[in-house]
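What follows is calculated from the coordinates using simple rules that are stated; it is not laboratory data. Just so we're clear, the structure is a prediction, and the values are computed from it rather than from any experiment. Here the Cβ is made from the backbone with ideal geometry for all residues, glycine too, and neighbour counts use every protein chain on show.
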């Protein structure tokens, strides 16, 4: 964490804008990784579920009712079972790859949030220090003005007032 703090302190003087962690992460992905993300997004959508259920029902209806006696995949639907197993075997690693990239994206976002929070904290501390300095200067000016005001009202007590303050 100390490296991040040092890096952030150095960047504080140089950088004045935040970065989009999504663009940083997406810029480094290969074609296969982008394709895997698209497939995982599609496989987790209602469109996929509706299409998948439609294909399954069509397969079952086609092989039990429409092609009765001449079905290419009869009742225990072994070919359908094989197709579904192949889909699951391909879909699981694609989803895992997508989840790993999501984890990397989340890590980048967390690091970026930490850097932004640290920058904000440093800036707030600097502003508070400056406010303290301004407050002390105002107190000094106020004391000086009070002394002048008292001295102008009672010029004979000038010596006593300076010693009291």
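Values computed for the structure shown
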quantity	calculated
Label point 7 Å beyond Cα of residue 29 along Cβ direction - residues of segment 98-132 with amide nitrogen under 15 Å	98-109
Förster radius 45 Å - calculated FRET efficiency between residue 148 and residue 116 (Cβ-Cβ, nearest 0.05)	0.40
Coarse-grained scattering of segment 26-130 at q = 0.15, 0.25 Å⁻¹, given as base-10 log I(q)/I(0) from a Debye sum over alpha-carbon atoms	-0.81, -1.25
Debye log10 I(q)/I(0) at q = 0.26, 0.28 Å⁻¹ for segment 39-86, Cα point scatterers	-0.94, -1.00
